[in-house]
Amino acid sequence: MSNFDQVTEAAEWLRGHGCGGADVAVVLGSGLGDFADHLAEPFTIPYGDIPHWPASRVIGHAGKLVGGTLRGKHVLALSGRVHAYEGHDLQTVTFAMRAMGRLGVPQVILTNAAGGISPNCSRGALMVIDDHINLMGNNPLVGPNDERYGLRFPDMTHVYSPRLRAIADAAAAEQGAPLQHGVYVAVLGPSYETPAEIRAFRVLGADAVGMSTAPEAIVARHMGIEVLGISCITNPAAGVFPEPLHHDEVMETARQVKGQFIGLLERIIARL
Ligand code: HPA
């Protein structure tokens, strides 16, 4: 069965389980799963129930889709994503995004945890992704192009929608919370970067580094879905300070910031 047929089957299954007509899908990064608790009239679908849907192998990534309403909008929250560093190919990594596209979801918010490279991106900051640098060593569109998804050579000039970025700024202003903007560099992981890599990424123009989001954003763009990306800066990137990096710090910062992050998401969704 082709990827397109599998994705279509998953999308039709989701449509039959109350997911049709969603205004926005939100992919929840590390530690942000609580966002789903803020949806009214919620319904939960474990990833394992959806045909062909890949299961995350990372602990702390719940692996469920929660649908519901928020400020009058129909929202699908994807709690738990699969990462390339788990050993999945990028078609598997982007399966959920493909399904959102086939479901007809017009816009997605991709969230993630990231290491801060630029001085603006200190621990606990939230950063709107203005653009990305894909250094994962692969691209989810490699292989035969299925024209039913999109073009062979899709434009990537505006991966991250200027309209949605402006909405994020307006929402942050209303919230009275600062919001940074910057370039996200996507790496494969799972090892954190070396200080020399971070110095190189800084020269390349990156403000934050993480192990997700770029493949999903590329696929979303390929299908014509409007993308907003927001990084929670959970730690200074390697070598910014002498301390070694630890996943516990990532989770702890995400926990501390999640109230503000969820508040921002609510305000953004209200304005969509
Ligand atoms: N590097 C890569 N990915 C990350 C980091 C980091 O410092 N922090 C959270 N995700």
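The values are calculated or read from the model by the stated rules, or taken from the named source; none is laboratory data. What you see is a predicted model, and the numbers here were worked out from it, not measured in a lab. Ideal geometry is used to build each Cβ from the backbone, glycine not excepted, and the neighbour counts take in all protein chains shown.
Per-residue answers, yes or no, for (1) within 15 Å of the chain's Cα centre (by Cα); (2) of a type in the set (Lys, Arg); (3) more than 10 Å from the ligand (Cβ to nearest atom):
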position: Ser191; (1), (2), (3): no, no, no
position: Glu197; (1), (2), (3): no, no, no
position: Met211; (1), (2), (3): yes, no, no
position: His222; (1), (2), (3): no, no, yes
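Without any contact (Cβ under 8 Å) to a residue 40 or more places away in the chain, under 25 Å from Asp5 (Cα atoms) and small (Gly, Ala, Ser) - does that describe any residue in the stretch 81-103? Checking the stretch 81-103: at least one residue is without any contact (Cβ under 8 Å) to a residue 40 or more places away in the chain, under 25 Å from Asp5 (Cα atoms) and small (Gly, Ala, Ser). Residue count for the stretch 224-267 satisfying the condition of being in contact (Cβ under 8 Å) with a residue 40 or more places away in the chain, away from the ligand (no atom under 15 Å from the Cβ) and not hydrophobic (A, V, I, L, M, F, W, C): 6.
Condition check ((1) assigned to a helix (DSSP H, G or I); (2) under 17 Å from the mean Cα position of the chain (by Cα); (3) modelled with pLDDT of 95 or more) across all residues:
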| position | (1), (2), (3) |
| --- | --- |
| Leu228 | no, yes, yes |
| Val250 | yes, yes, no |
| Thr253 | yes, no, no |
| Gln256 | yes, no, no |
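I'm trying to understand the selection: among the residues of the stretch 10-35, which are charged (D, E, K, R) and either under 18 Å from Val227 (Cβ atoms) or buried (at least 17 other Cβ atoms within 10 Å of the Cβ) (or both)?
Applying the first criterion (charged (D, E, K, R)) to the stretch 10-35 yields 12, 15, 23, 34.
Asp23 - this is the single residue of the stretch 10-35 that is charged (D, E, K, R) and either under 18 Å from Val227 (Cβ atoms) or buried (at least 17 other Cβ atoms within 10 Å of the Cβ) (or both).
Within the option set Met156, Met211, being crowded, with 20+ Cβ neighbours inside 10 Å and within 27 Å of Phe261 (Cβ to Cβ) holds for one residue only, Met211. Right, Gly176: more than 15 Å from the ligand (Cβ to nearest atom), farther than 24 Å from Val82 by Cα and either touching a Leu at 6+ places or on another chain (Cβ under 7 Å) or not β-branched (Val, Ile, Thr) (or both) or not? Yes: the conditions hold for Gly176.
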